[in-house]
Each structure stands twice: as structure tokens, then as C-alpha cells.
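Take a look at the structure set out below.
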Amino acid sequence: LALGKKFGVLAGKRLVISAGGTHEAIDPVRFIGNRSSGAMGFGLAAAARDAGADVRLIIGAASATPPLGTQHIYAESAAAMQAAIEHAIEQGCDMLIMAAAVADYRPVSVADNKIKKTEQGDQSLSLQLTHTTDILASLKERTGFVKIGFAAETHDLEQYAQAKLTRKGLDAIVANDARTALGASDNAVTVFSRDGQRWNFARQAKTELAQQLIALFSSFLRR
Ligand code: CTP
Ligand code: CA
């Protein structure tokens, strides 16, 4: 660890890494969430730390344990995560890795009081949802740091991942199967870069995979 700080490939580099899902409040006790555990982002943070990086870890809703030796910043909702990431980038950033599963929609309004089923008067309850800000897309014009995104897909993985890479102005995107990646301890991914390269990583523990991904991403800092 101490040796990595001085001599690792990421020595002197600042990384901002988001991990976990988000919770979008419905009322004081309920939220809309997803299956992300934080394991992939935490693995990347640990690997970056071991490579000598100064890691700001933006943590959403996560069930896994964040690694020691990284700075932990908690941000439960998509809006809180956006603010935390902007703040972290202001403080200096060589690379942003968005491993978090950020909600795409949130309730239009959050009820002040717990919603009572007896007061709904009907068999059904409708929630009106509105778009959250796409954090990565909002940073499209911001330069000076490497941007890595993730793409969680259930079908047409390559086409959707390539479209996100371009639309969000990323250096690279890590494409994975949303059915098996979220909440699991292992993962298989394909990385696509802006300049048309691709790398396949076989299914393995997220901790191992994270080390290989960090080695690859480190090379993006030098080109
Ligand atoms: N992302 C983000 N802000 C959002 C939603 C997603 O920054 N509000 C980021 C994710 O962290 C990820 C990348 O964008 O790095 C792709 O997320 P994904 O959910 O796969 O794609 P979306 O663009 O949200 O499209 P969709 O969910 O419809 O496939
Ligand atoms: Ca999404």
C-alpha cells in the first residue's frame, strides 16, 4: 500500500469513482432503488488505491463495504450524487469512473408524510416520475480528465454501449449484462474506447476484474 502511493502507476493521480445505486424518495420511509451493491465501484477504488491514486469514492445506496484508504462521500439520490461529483471534480480530478447505477427517474414530489393505504381509496396507486439529470452527459463539455462510464444492458449490448460512449463524450465505456452484473460478486465485461478499440474480460471476481480495469484505464492517462 505505502509502496503503491509512491511508485504505483497512479501515484500522484486523483480519481473520482462513483459506486452503488441511488435511492429516490417517495415519502419519508420509501424509495425507488435498484440492485447495485457497490461491489464493482469499491473494487475499482481499492485497485486504484493500491496503484497509488488519491481516491474520492462517491457512495450511493450500497450493501458492500467501501475500501479503507479512500475518501468516502455519501450521496443517496441522483441529485445528491451529481452535486458530490461536481464538488469532487472541482477539487481536482485526473479520472472520473462512473460505476454507480444512477436512477433515471425520480418521483416528481416527495410526500411530507407517510402515504397511507387507507387514504388512497382505490386498489391502485400511481406515482408520477420525472427524469433525473444524466450526470455523465452533463459533464460532456468538461475536459482535462479521463471519463469512464459503465453500460448496463439486457440486450443489444454493443450497439447501446457504443451509443452511450459517443452521446456522453467518454474515453471508454465498460459494457456489462444488467441481468448478471448488478448485485453479483463476479462480472464479465467488454470495454470499448473512443478510438474504436475493444477489450474482453472473462467472468471473474469483481475484485480481480477491477485490478485489470484499473491497469487498462491507467494507460488512458498517458495517451
Ligand atoms: N449515468 C449518469 N447519470 C444518470 C444515469 C446514468 O451519470 N442519471 C451514468 C452511469 O453511471 C453509467 C452510464 O451513465 O456510467 C450509463 O448508465 P446506463 O444506465 O447504462 O445508461 P443510461 O444512459 O442511463 O441509459 P439506459 O438506462 O436507458 O440504458
Ligand atoms: Ca440508466
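None of the figures in this text is laboratory data; all of them are computed from the coordinates on show. As the structure is a prediction and not an experimental result, all values here were calculated from the model. No Cβ is skipped: glycine too gets one built from the backbone with ideal geometry, and neighbour counts run over all protein chains shown.
Could you run through the stretch 143-169 and say how many residues are touching a Leu at 6+ places or on another chain (Cβ under 6 Å) and of a type in the set (Gly, Ala, Ser)?
1
Need the failing condition index for Ser18 against (1) in contact with a Ser or Thr (Cβ under 8 Å, 6 or more places away or on another chain); (2) buried (at least 21 other Cβ atoms within 10 Å of the Cβ); (3) within 18 Å of Asp134 (Cα to Cα), just the number.
All conditions are met except number (1).
For residues that are hydrophobic (A, V, I, L, M, F, W, C) and within 27 Å of Gly183 (Cα to Cα), tally how many sit in the stretch 111-133.
So the answer is 2.
What number of residues in the stretch 16-31 are farther than 10 Å from Ser77 by Cβ and in contact with a strand residue (DSSP E or B) (Cβ under 8 Å, 6 or more places away or on another chain)? If you could, list the steps in order and put the result at the bottom.
Going through the stretch 16-31, the residues farther than 10 Å from Ser77 by Cβ turn out to be 16-21, 26-30.
Next, only the ones that are in contact with a strand residue (DSSP E or B) (Cβ under 8 Å, 6 or more places away or on another chain) stay: 16-21, 26.
Qualifying residue count for the region: 7.
In the stretch 110-168, what residues are assigned to a helix (DSSP H, G or I), within 12 Å of ligand 1 (Cβ to nearest atom) and not polar (S, T, N, Q)?
Ile135, Leu136, Ala137, Leu157, Tyr160, Ala161, Ala163, Lys164, Leu165, Arg167
Might you let me know whether the stretch 96-105 holds any residue that is in contact with an Asp or Glu (Cβ under 6 Å, 6 or more places away or on another chain) and within 12 Å of ligand 1 (Cβ to nearest atom)?
Narrowing the stretch 96-105 to residues in contact with an Asp or Glu (Cβ under 6 Å, 6 or more places away or on another chain): 103.
Those still in the list that are within 12 Å of ligand 1 (Cβ to nearest atom) too: 103.
Looking through the stretch 96-105, at least one residue is in contact with an Asp or Glu (Cβ under 6 Å, 6 or more places away or on another chain) and within 12 Å of ligand 1 (Cβ to nearest atom).
Considering only residues that are farther than 24 Å from Leu221 by Cα and assigned to a loop (DSSP other than H, G, I, E, B), look in the stretch 169-183 and name the one that is nearest to ligand 2 (Cβ to nearest atom). Explain how you work it out, then say what you get.
Filtering the stretch 169-183 for residues farther than 24 Å from Leu221 by Cα gives 177-183.
Next, only the ones that are assigned to a loop (DSSP other than H, G, I, E, B) stay: 182-183.
Details: Leu182: 11, Gly183: 16 Å.
In this case the residue turns out to be Leu182.
Consider only pairs whose beta carbons are under 9 Å apart and that are at least six residues apart or on different chains; among these, list those whose first residue lies in the stretch 106-124 and is more than 19 Å from Ala80 (Cα to Cα) and whose second residue is outside any loop (DSSP other than H, G, I, E, B) and among the aliphatic types (A, V, I, L, M).
Ile115/Ile26
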